[in-house]
There are 2 protein chains.
Amino acid sequence: MARASVVGAGMTKFGVHDTPLTELFGEAAFGALDDAGVEPPEVDSLYFGNAMGGQTENDTHLAPTVASHVGMAGIPAQRYEDACATSANAFNNAVEAVESGRHDVVLAGGVERCTPETGLDTAAMTRIFASASHRQYEQPTGITFPGVFALFVKRHMYEHGTTEEHLAHVAVKNHANGTRNPKAHFGKEVTVEEAMEGPVVADPFRLMDCCPFSDGASAVVVVSEEYADSFEAPVDVSGVGHATGVVPIGDKETPHVTQAARDAANEAYGQAGISAEDVDFAEVHDCFTGAEVLASEALGLVPDGEGGFAAAEGRTAVGGEIPINASGGLKAKGHPISATGTGQIVELTEQLRGDAGEHQLPAPGTGVAHNLGGDAATTVVSVMEARA
Amino acid sequence: MARASVVGAGMTKFGVHDTPLTELFGEAAFGALDDAGVEPPEVDSLYFGNAMGGQTENDTHLAPTVASHVGMAGIPAQRYEDACATSANAFNNAVEAVESGRHDVVLAGGVERCTPETGLDTAAMTRIFASASHRQYEQPTGITFPGVFALFVKRHMYEHGTTEEHLAHVAVKNHANGTRNPKAHFGKEVTVEEAMEGPVVADPFRLMDCCPFSDGASAVVVVSEEYADSFEAPVDVSGVGHATGVVPIGDKETPHVTQAARDAANEAYGQAGISAEDVDFAEVHDCFTGAEVLASEALGLVPDGEGGFAAAEGRTAVGGEIPINASGGLKAKGHPISATGTGQIVELTEQLRGDAGEHQLPAPGTGVAHNLGGDAATTVVSVMEARA
């Protein structure tokens with residue numbers, strides 16, 4: 001018994017866009033509605049994600065604005081902000097809304113602009129990103145997110161023997177995957193050597209270990225299980241888990257374990273009645289290569305400590321035991337913050353329908369998305385399944 | 001049959017605070033938890049509102065941060081932003097979460113700092129507030145929120161003969177009410193003459209027609225109906241309606257009608273099985289005096305066109321036909337944006353329990369809260385009822 005179904009999916013290319021947030025979201029929203037065959041007035045509510053529009057473009061209260069823009073003026077609409085996990089949590093709440101019977105058809109999605117098209121340079125944008133770390137205990141130290149994840153991954157290297165070369169393999173894999181995804185920000189391959197020669201951003205991360213700042217939008221039409229049968233190609237949402245981790249970093253007992261991801265995965269798997277062995281492919285939050293290593297273990301897709309080794313051995317590549325980030329992931333597909341979470345849901349939907357084009361996996365039955373915000377704090381894990 | 005119950009309520013004094021957002025929210029949260037007799041680990045989820053922390057203090061991703069701060073690390077937590085209706089919508093989603101059985105005990109609330117304690121002056125803060133108006137169609141004109149509501153109210157004056165003196169009476173009433181509320185930002189009375197002699201902010205509004213920028217926090221413990229009986233003094237939530245209005249202003253057919261408020265009220269009254277005649281008192285979103293006039297009509301508490309006359313005749317005063325903003329309202333109690341919505345729920349809870357102290361109304365049975373965001377766009381109307 002599914003909790004809900006996705007019946008339409010849309011996203012912009014992730015990359016550089018000079019369009020306002022409202023219009024950029026409109027492109028994804030109309031894509032999802034067209035895909036579902038749903039007219040805007042049929043949508044009951046909007047679950048909308050945007051993390052930084054106030055800081056980047058002095059643009060807030062966007063939920064009713066985008067609802068009006070896409071022809072849904074008047075419906076209940078809400079904006080979520082949970083750092084990089086913003087739109088996965090909007091999706092989580094959308095699933096809950098149709099499961100409970102509050103609504104029948106809802107739109108969930110997100111939009112962000114992070115590139116210099118906003119008028120802000122990389123330093124200004126990095127400061128804005130850092131607003132998602134602890135204002136009193138972390139920001140004054142000067143730490144920004146490469147540093148936050150470097151702390152987690154350094155510990156993982158110490159505990160498990162993960163190496164910089166392992167991390168480079170994650171970049172190589174995801175860049176290769178991205179070349180087969182026309183919506184990806186980056187379309188070129190990198191080699192292990194190139195990755196390992198890049199400038200250090202925050203030890204152990206070099207340039208190629210870090211995802212880009214991207215612009216983009218994504219959206220999905222979510223309907224109640226009972227309503228789903230009237231659509232052409234529903235994909236079922238069988239579980240969504242949501243947990244947070246303790247903040248600030250200094251209070252985490254075992255930072256490399258990313259406990260919130262484990263809690264969210266356990267909840268999602270439990271709802272779906274599956275275990276990690278049943279997962280055919282996953283999209284995980286590789287904001288940094290090392291973050292993918294931590295996520296692959298937290299989701300149970302590889303044994304603890306083997307995440308780096310698994311990537312280096314090709315076990316997480318397309319064609320490997322458990323393909324991770326066949327879309328290119330944040331690393332190559334791009335990371336327009338609040339478009340990332342529902343962007344993963346778009347990818348799962350397309351893969352499970354067999355509509356993923358050049359990067360289609362061979363007939364997967366069960367996919368998992370893992371979206372993470374802040375100091376590995378907000379984590380949302382979603383399980384989706386193809387209909388038999 | 002209630003949708004949920006409020007079993008604990010807490011708020012800071014509204015006014016000027018030099019404490020960080022996390023600590024300020026903590027004061028309200030601990031107040032609500034203590035009032036309910038609930039320990040932090042008993043809370044299943046946090047529905048948190050903050051509108052402007054990113055813009056004012058470079059502080060985002062606050063939901064897990066405040067969850068950790070108040071001893072709830074690990075629980076699902078989400079931040080809402082819907083302009084001035086932020087925490088009413090967090091409350092709305094919290095009610096839905098316990099009604100559907102997703103959670104048993106949740107905390108809903110919000111926090112904001114808007115005074116020069118943030119380091120920002122009135123001009124900078126006004127620009128940040130204006131981020132909730134349309135980025136492309138309104139902000140470039142230079143309009144800010146006094147101007148937005150002035151447009152609505154000017155039309156109401158034209159249609160119905162509402163006068164500046166009527167508006168002054170709203171200020172006089174709410175300031176008088178505020179003197180009896182120790183949590184209110186302002187504790188002094190004003191006269192009609194003083195109000196009408198103030199400097200013009202945006203015609204027809206003078207200084208005393210405008211609510212202040214305030215700092216503050218509020219929170220409530222919300223539990224499922226079945227769980228409520230184990231608490232000492234539950235107050236039932238019998239309806240919550242949520243609607244949005246078309247954005248931008250130029251697309252509104254009848255701006256003074258505030259259609260979203262009518263839609264939200266109809267939904268809330270329908271859920272509660274009541275009509276406007278059954279309402280004993282209301283807290284409405286008087287960001288400007290004229291906004292109270294529009295709200296009193298949209299909620300059906302006074303006939304259309306009579307809102308200004310009703311205020312001038314004392315019909316909406318404490319002791320009148322339908323007391324509006326006995327707390328002092330935004331006008332005198334203050335308006336710390338994201339603390340305002342759940343602040344109204346705190347007020348309803350205390351009034352319906354008979355705990356409102358010096359501004360207690362005589363044994364009210366049914367109260368309504370009306371919280372509004374942006375261009376009269378996001379509107380949440382809540383109906384609460386005392387237990388017999």
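When the residues of the stretch A:190-205 are filtered to those that are part of a strand (DSSP E or B) and in contact (Cβ under 8 Å) with a residue 12 or more places away in the chain, which remaining residue is nearest to the chain's Cα centre (by Cα)?
A:PHE205
Among the residues of the stretch B:133-157, count how many are without any contact (Cβ under 8 Å) to a residue 60 or more places away in the chain, in contact with a Pro (Cβ under 9 Å, 6 or more places away or on another chain) and hydroxyl-bearing (Ser, Thr, Tyr).
Total meeting the criteria: 0.
Check whether at least one residue in the stretch A:250-258 is of a type in the set (Val, Ile, Thr), surrounded by 22 or more Cβ atoms within 10 Å (Cβ to Cβ) and within 11 Å of another protein chain (Cβ to nearest Cβ), and report yes or no.
No.
Would you point out which residue out of B:ASP44, B:ASP18, B:ASP35 is closer than 26 Å to A:ASN92 by Cα and among the acidic types (Asp, Glu)? Steps first, answer last, please.
Working: B:ASP18 fails: closer than 26 Å to A:ASN92 by Cα; B:ASP35 fails: closer than 26 Å to A:ASN92 by Cα.
So the residue among B:ASP44, B:ASP18, B:ASP35 that is closer than 26 Å to A:ASN92 by Cα and among the acidic types (Asp, Glu) is B:ASP44.
For the stretch A:246-281, give me each residue that is part of a loop (DSSP other than H, G, I, E, B) and over 13 Å from A:ALA376 (Cβ atoms).
A:GLY273, A:ILE274, A:SER275, A:VAL279, A:ASP280
Does B:GLY31 qualify as being more than 10 Å from chain A (Cβ to nearest Cβ), assigned to a helix (DSSP H, G or I) and either crowded, with 24+ Cβ neighbours inside 10 Å or small (Gly, Ala, Ser) (or both)?
So B:GLY31 passes the test.
Just to confirm my filter: which helices (runs of 4 or more DSSP H) fall fully inside the stretch B:76-177 and include at least 3 residues that are of a type outside the set (Asp, Glu) and buried (at least 20 other Cβ atoms within 10 Å of the Cβ)?
B:86-99, B:145-160
Working carefully through the options B:ALA97, B:ALA130, B:ALA85, B:ALA90, find the one that is under 19 Å from the mean Cα position of the chain (by Cα), facing chain A (nearest Cβ under 10 Å) and over 30 Å from B:GLU358 (Cβ atoms).
Only one candidate qualifies: B:ALA130.
Among the residues that make up the stretch B:213-226, is at least one of them at pLDDT below 95 and within 30 Å of B:SER45 (Cβ to Cβ)?
yes
Do we find that B:ALA219 is crowded, with 16+ Cβ neighbours inside 10 Å and either under 19 Å from the mean Cα position of the chain (by Cα) or in a strand (DSSP E or B) (or both) in this structure?
Criteria met by B:ALA219.
Restricting the first residue to the stretch A:272-293 and requiring it to be more than 30 Å from A:THR144 (Cα to Cα), which pairs with a second residue that is among the β-branched types (Val, Ile, Thr) meet a Cβ separation below 6 Å and a spacing of at least six or different chains?
A:ALA272/A:VAL383; A:ASP278/A:THR366; A:VAL279/A:THR366; A:VAL279/A:VAL368; A:ASP280/A:THR366
Could you grab me the full set of residues in the stretch A:61-95 that are of a type outside the set (Ser, Thr, Tyr) and free of Cβ contacts under 8 Å to residues at least 12 places away in the same chain? Show your work before the answer.
Keep residues of the stretch A:61-95 that are of a type outside the set (Ser, Thr, Tyr), which gives A:61-64, A:66-67, A:69-79, A:81-85, A:88-95.
Within the stretch A:61-95, A:ALA73, A:GLY74 qualify.
Could you run through the stretch A:59-75 and say how many residues are at the interface with chain B (Cβ under 7 Å from one of its Cβ atoms) and assigned to a loop (DSSP other than H, G, I, E, B)?
Of the residues in the stretch A:59-75, 6 are at the interface with chain B (Cβ under 7 Å from one of its Cβ atoms) and assigned to a loop (DSSP other than H, G, I, E, B).
Residue under question is A:GLN78, and the condition is that it be over 19 Å from the mean Cα position of the chain (by Cα), under 18 Å from A:SER214 (Cβ atoms) and at the interface with another protein chain (Cβ under 7 Å from one of its Cβ atoms); does it hold?
Answer is no for this residue.
Can you tell me how many residues within the stretch B:310-324 are over 14 Å from B:ASP280 (Cβ atoms) and buried (at least 24 other Cβ atoms within 10 Å of the Cβ)?
Of the residues in that region, 2 qualify.
I'm told A:VAL302 meets every condition in (1) touching a residue at least 60 places away in the same chain (Cβ under 8 Å); (2) in a loop (DSSP other than H, G, I, E, B) except one. Can you identify the failing condition by its number?
(1)
Anything in the stretch A:178-188 that is in a loop (DSSP other than H, G, I, E, B) and surrounded by 14 or more Cβ atoms within 10 Å (Cβ to Cβ)? List them, or say none.
Within the stretch A:178-188, A:THR179, A:ARG180, A:ASN181, A:LYS183, A:ALA184, A:HIS185, A:PHE186, A:GLY187 qualify.
Looking at the stretch A:133-150 only, could you name the residues that are among the hydroxyl-bearing types (Ser, Thr, Tyr) and at the interface with chain B (Cβ under 10 Å from one of its Cβ atoms)?
First pass over the stretch A:133-150, keeping only residues among the hydroxyl-bearing types (Ser, Thr, Tyr): A:133, A:137, A:141, A:144.
Passing the criteria: A:SER133, A:TYR137.
Exactly one of these conditions fails for A:SER230: (1) surrounded by 16 or more Cβ atoms within 10 Å (Cβ to Cβ); (2) polar (S, T, N, Q); (3) under 22 Å from A:GLY31 (Cβ atoms). Give me its number.
(1)
Among the residues of the stretch B:22-38, count how many are under 9 Å from B:SER218 (Cα atoms) and touching a Leu at 6+ places or on another chain (Cβ under 9 Å).
3
Working carefully through the options A:HIS370, A:HIS335, find the one that is in a loop (DSSP other than H, G, I, E, B), in contact (Cβ under 8 Å) with a residue 60 or more places away in the chain and crowded, with 24+ Cβ neighbours inside 10 Å.
From the options A:HIS370, A:HIS335, the qualifying one is A:HIS335.
For the stretch B:46-57, state whether one or more residues are part of a helix (DSSP H, G or I), within 21 Å of the chain's Cα centre (by Cα) and away from chain A (no Cβ under 14 Å).
no
With the requirement that a residue be small (Gly, Ala, Ser) and either farther than 15 Å from B:ALA295 by Cβ or not in a helix (DSSP H, G or I) (or both), what does the stretch B:308-332 give you?
If the condition is that a residue be small (Gly, Ala, Ser) and either farther than 15 Å from B:ALA295 by Cβ or not in a helix (DSSP H, G or I) (or both), then B:ALA312, B:GLY314, B:ALA317, B:GLY319, B:GLY320, B:ALA326, B:SER327, B:GLY328, B:ALA332 are the ones that fit.
Take A:ASP286 and tell me if it is away from chain B (no Cβ under 14 Å) and either touching a Pro at 6+ places or on another chain (Cβ under 6 Å) or not aliphatic (A, V, I, L, M) (or both).
yes
As an exercise: evaluate A:PHE14 against (1) at the interface with chain B (Cβ under 9 Å from one of its Cβ atoms); (2) in contact with a His (Cβ under 7 Å, 6 or more places away or on another chain); (3) not polar (S, T, N, Q) and give the number of the one condition it does not meet.
(1)
The values are calculated or read from the model by the stated rules, or taken from the named source; none is laboratory data. Not measured: the values here are computed from a predicted model. We place every Cβ from the backbone using ideal geometry, glycine too, and count neighbours over all the protein chains shown.
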